[in-house]
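J.: Structure provided below as structure tokens; questions to follow.
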Amino acid sequence: MEKALVLFAHGARAAGWAAPFQRLRDLTAARRPDCTVSLAFLELMTPSLPDEVNALVALGARDVTIVPVFLGQGGHLLRDLPLLLDQLRASHPHVTFATVPAVGEDPGVLAAMAAYCAGAQ
């Protein structure tokens, strides 16, 4: 498939940490049958963003959108992600790359989180 959506998360040493992100990937894929939806990590887990993008490009992806599954625009998104994107663009000049803001900065996501927090007992 030519379109790909990569959910990009931090990563952790504990393998179970990835489970909610894997569920998010699966839920997103069910809503986006028009593209391949995958998951990549910045560190400590695999696949890395470059490895995942390389695999997607090998399968025919030509339009890749990266969705940072971070709560905010911290150092990783301000410094690390732009460097990774520069490397990916250099490695795959025929591929279009796009990113969106961190998921935690979306008003709808914040509203859902506030509803969850407000309902806590």
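J.: Taking the criterion of being surrounded by fewer than 19 Cβ atoms within 10 Å (Cβ to Cβ) and touching a helix residue (DSSP H, G or I) at 6+ places or on another chain (Cβ under 8 Å), would at least one residue in the stretch 13-33 satisfy it?
T.: no
J.: For the stretch 55-81, which positions are assigned to a helix (DSSP H, G or I), under 26 Å from Asp34 (Cα atoms) and open to solvent by 30 Å² or more (accessible area, probe 1.4 Å)? Give the derivation first.
T.: Start the filter on the stretch 55-81 by keeping residues that are assigned to a helix (DSSP H, G or I), which leaves 55-58, 75-81.
With the extra rule that they be under 26 Å from Asp34 (Cα atoms), the set shrinks to 55-58, 81.
Ala55, Ala58, listed by residue number.
J.: Report, ordered by the first and then the second residue, all pairs with beta carbons closer than 6 Å, sequence separation of six or more or different chains, a first member in the stretch 1-27 that is assigned to a strand (DSSP E or B), and a second member that is polar (S, T, N, Q).
T.: Ala4/Thr36; Leu5/Thr65; Val6/Ser38
J.: Which count do you get for residues in the stretch 92-121 that are open to solvent by 80 Å² or more (accessible area, probe 1.4 Å), closer than 27 Å to Met1 by Cα and hydroxyl-bearing (Ser, Thr, Tyr)? Steps first, please.
T.: Applying the first criterion (open to solvent by 80 Å² or more (accessible area, probe 1.4 Å)) to the stretch 92-121 yields 93-94, 96, 101, 105, 107, 110, 116-118, 121.
Add one more test, that the residue is closer than 27 Å to Met1 by Cα, and what stays is 93-94, 96, 101.
With the extra rule that they be hydroxyl-bearing (Ser, Thr, Tyr), the set shrinks to 96.
Final tally of qualifying residues: 1.
J.: Oh, and also: Suppose we keep only residues that are of a type in the set (Gly, Ala, Ser) and part of a helix (DSSP H, G or I) within the stretch 28-46. Which one would you say is nearest to Leu71 (Cα to Cα)? Spell out the reasoning first.
T.: Within the stretch 28-46, the first condition is being of a type in the set (Gly, Ala, Ser), and the residues that meet it are 29-30, 38, 40.
After this cut, where a residue has to be part of a helix (DSSP H, G or I) as well, the list is 29-30.
Numbers: Ala29: 21, Ala30: 23 Å.
Of everything passing the filter in the stretch 28-46, Ala29 is nearest to Leu71 (Cα to Cα).
J.: With respect to Glu43, is the statement that it is surrounded by fewer than 18 Cβ atoms within 10 Å (Cβ to Cβ), under 11 Å from Phe8 (Cα atoms) and in contact with a Gly (Cβ under 8 Å, 6 or more places away or on another chain) true? Please lay out each step first, then the result.
T.: On the way: surrounded by fewer than 18 Cβ atoms within 10 Å (Cβ to Cβ): yes; under 11 Å from Phe8 (Cα atoms): yes; in contact with a Gly (Cβ under 8 Å, 6 or more places away or on another chain): yes.
Criteria met by Glu43.
The values are calculated or read from the model by the stated rules, or taken from the named source; none is laboratory data. Keep in mind that what you see is a predicted model, and the values were worked out from it rather than measured. Every residue, glycine among them, receives a Cβ derived from its backbone with ideal geometry; neighbour counts consider all protein chains shown. For accessibility, only protein heavy atoms count, side chains too; no ligands or nucleic acids. Shrake-Rupley method; radii C 1.70, N 1.55, O 1.52, S 1.80 Å.
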